[in-house]
Amino acid sequence: MNIIIAGCGKVGYVLAQQLNDENHNITIIDTSAERLQPALSAMDIQGIVGNATSFLTMQEAGIESANLFIAVTSDDEINLLSCLIAKKSGNCQTIARVRNPEYFKEISYLKQCMGIEMVMNPEFAAAKEIAHLIQVPDAMEIDTFAKGRVDLLKVAISENSPLHNMKVIEFSRRFGKNILICILEHNHMITIPNGETILQAGDIISVILPKEKINAFHQATKLSTIHDIKDVIIAGGGTISYYLAKLLLESGIHVKIIEKNRERCDFLSISLPKATIIHADATDHDIMMEEGLANTNAFVALTNIDEENVFLSLYANKVSSKCKKITKMNRLTLNEIIDDLPVGSIISPKNITAEYILQYARSHDNSLGSNVKALYRLMDNRVEALEFHVETQSTVTDIPLMELQLKNELLICCIVRSNQIITPSGRDTIQIGDTVVVVTTHKGLRDISDILKNPVR
């Protein structure tokens, strides 16, 4: 596809990189030649210095032949206006990043009036992911499929867990056929496990299961000592913190936000009357102890500085090993450095945004086939988990799975058929109307037929 991206900030750069890797033709617009240069040097893409709200700039970028226009500048108004110009001057799909809570309240109206196909709010999306993690205390990461009916949980195996030294085939027998281990990380090596794989303490696994089975699974596996979370301390009072606090308060969880900017504290106090707002610096350890860090159920580091978030989560781990920790990171180049540090779950708003938009691009690129309905990048982008909706007859339908020549390092994890959730065996088949969840180390699957070694569409 021909894709134009407006804005070469953190999100724009990641989007250009990932979409370029999938062989799309990328043109990126930014008002700053300095911001464009790193992207143009690292990737085979085109760059235009200019304002995306200018019709002449859009023409120079090739809007008339574009299939998709994505606006991710730092200004909501520019994103919305440039999408409107793209829609009027070309025949393309449009996606806008909108971060302002006031605009986001009216997003359905704005989409309808301006003809925008998709609106992304990275901060709200990140807040939803964090809230989901807090609802499932043992999970390091949660990805949802089949309209919320099936979850993929990333969890670590502790030494006192019955999973230690257990074979995967024994796991299936013990915990039921509706719970399946899809991914195994052992000593930083990623594999799709088979029945003979032995699980060990320290391993990280991703398990797919129906949502209603989550509590029973965690009680049986004893993966963590963290119990239900009733109170949360948030370091930093930015937009993610605002959205997260609203979600947690609605769930009956007590929220305390520590923010050093007085004006922001005043705004949060008015906007979140049920939350406790503390005007202080979260890096002051005495303040953190006074505010109950040692006894809180969960700590979320959401300041604007990655290193500060890491240090705060490390301190939270030092004073309370039973506290669930969630750390915001924007510079994922730091991931390898902190990989073995006890900072809990890592949340990256820009990567969440990229996932959603990449999912949309793949779906739009294959709109007539069994297209991608959900896409998640897992294990530091080394694994993809995808949800396909099978809309037409293909080379994989009505054939027992054991007879299909599937790609290596690929697992069909789940089939949802009407109201039935199926953990597939070799005798099961994929049928028209099914939702199919696949986990693989192969990148770029667009159609359900791509699960085959030699796909034919």
Quiz item: List pairs: first in segment 423-444 and on the phi > 0 side of the Ramachandran plot, second assigned to a loop (DSSP other than H, G, I, E, B) and open to solvent by less than 40 Å² (accessible area, probe 1.4 Å), Cβ under 8 Å, 6+ apart or cross-chain?
Solution: GLY433/VAL390; GLY444/GLU22
Exercise. Kindly provide the set of residues from segment 401-421 that are among the hydrophobic types (A, V, I, L, M, F, W, C) and surrounded by 15 or more Cβ atoms within 10 Å (Cβ to Cβ), ordered by number.
Key: LEU401, LEU404, LEU406, LEU410, LEU411, ILE412, CYS413, CYS414, ILE415, VAL416, ILE421
Practice problem: Report whether or not LEU209 is under 21 Å from GLN135 (Cα atoms), modelled with pLDDT of 90 or more and open to solvent by 30 Å² or more (accessible area, probe 1.4 Å). | Solution: no
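Return the residues of segment 269-289 that are of a type outside the set (Asp, Glu), out of contact with any strand residue (DSSP E or B) (no Cβ under 9 Å at 6 or more places or on another chain) and more than 16 Å from LEU248 (Cα to Cα); say none if nothing qualifies. Lay out the reasoning, then the answer.
Start the filter on segment 269-289 by keeping residues that are of a type outside the set (Asp, Glu), which leaves 269-280, 282-283, 285, 287-289.
Right, trim to out of contact with any strand residue (DSSP E or B) (no Cβ under 9 Å at 6 or more places or on another chain) and you get 270-271, 273, 285, 289.
Selection gives ILE270, HIS285, MET289.
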Self-check item: Filter pass, LEU293 being open to solvent by 40 Å² or more (accessible area, probe 1.4 Å) and more than 26 Å from GLU102 (Cβ to Cβ)
Solution: no
Quiz prompt | Residues located in segment 425-444, provided they are touching a Leu at 6+ places or on another chain (Cβ under 6 Å) and crowded, with 18+ Cβ neighbours inside 10 Å | solution = VAL438, VAL439, THR440
Self-check item: Single match in LYS177, LYS147 (criterion: under 27 Å from SER363 (Cα atoms), among the basic types (Lys, Arg) and open to solvent by 10 Å² or more (accessible area, probe 1.4 Å))
Solution: LYS147
Practice problem: Among the residues of segment 251-277, count how many are more than 29 Å from the chain's Cα centre (by Cα) and either hydroxyl-bearing (Ser, Thr, Tyr) or closer than 24 Å to GLN135 by Cβ (or both). | Solution: 2
Quiz item: Given (1) in contact with a strand residue (DSSP E or B) (Cβ under 7 Å, 6 or more places away or on another chain); (2) buried (at least 16 other Cβ atoms within 10 Å of the Cβ); (3) at pLDDT below 95, where does ARG382 come up short, assuming only one miss?
Solution: (2)
Quiz item: Where in segment 34-124 are the helices (runs of 4 or more DSSP H), entirely inside, with at least 1 residues that are in contact (Cβ under 8 Å) with a residue 24 or more places away in the chain and of a type in the set (Phe, Trp, Tyr)?
Solution: 55-61, 101-105
Exercise. Select from segment 3-32 the residues that are farther than 21 Å from PRO122 by Cβ and open to solvent by 70 Å² or more (accessible area, probe 1.4 Å) and write down the one among them that is modelled with the highest pLDDT.
Key: ASN25
Self-check item: Residues satisfying the stated conditions in segment 60-73, i.e. open to solvent by 30 Å² or more (accessible area, probe 1.4 Å) and at pLDDT 95 or above
Solution: GLU60
Self-check item: Selection count, segment 147-181, where residues are hydrophobic (A, V, I, L, M, F, W, C) and assigned to a helix (DSSP H, G or I)
Solution: 4
Practice problem: Take SER313 and decide whether it is small (Gly, Ala, Ser), more than 15 Å from the chain's Cα centre (by Cα), open to solvent by less than 40 Å² (accessible area, probe 1.4 Å) and modelled with pLDDT of 85 or more. | Solution: yes
Quiz item: Can you name the number of the only condition in (1) at pLDDT below 95; (2) more than 30 Å from ASP447 (Cα to Cα) that LYS111 fails?
Solution: (2)
Exercise. Considering only segment 408-457, give the strands (runs of 3 or more DSSP E) lying wholly within it that have at least 1 residues that are among the charged types (D, E, K, R).
Key: 410-417
Self-check item: Subset of segment 388-400 (residues that are closer than 30 Å to ALA139 by Cα and open to solvent by less than 20 Å² (accessible area, probe 1.4 Å))
Solution: PHE388, VAL390
Quiz item: Can you pull out the residues in segment 80-104 that are open to solvent by 60 Å² or more (accessible area, probe 1.4 Å) and under 10 Å from ALA66 (Cα atoms)?
Solution: ASN91
Exercise. Kindly list, by first and then second residue, each pair from a residue in segment 15-30 that is in a helix (DSSP H, G or I) to a residue that is open to solvent by less than 20 Å² (accessible area, probe 1.4 Å) and among the hydroxyl-bearing types (Ser, Thr, Tyr), limited to pairs with Cβ atoms under 9 Å and residues at least 6 apart or on different chains.
Key: LEU15/THR353
Self-check item: Conditions (1) closer than 25 Å to SER348 by Cβ; (2) open to solvent by 50 Å² or more (accessible area, probe 1.4 Å); (3) under 23 Å from the mean Cα position of the chain (by Cα): number failed by ARG35
Solution: (3)
Practice problem: Look at segment 20-71 and say how many of its residues are at positive phi and β-branched (Val, Ile, Thr). | Solution: 0
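The values are calculated or read from the model by the stated rules, or taken from the named source; none is laboratory data. These figures come from a predicted structure and were not determined experimentally. Here the Cβ is made from the backbone with ideal geometry for all residues, glycine too, and neighbour counts use every protein chain on show. Only protein heavy atoms, including side chains, enter the accessible area calculation; ligands, DNA and RNA are left aside. Shrake-Rupley method; radii C 1.70, N 1.55, O 1.52, S 1.80 Å.
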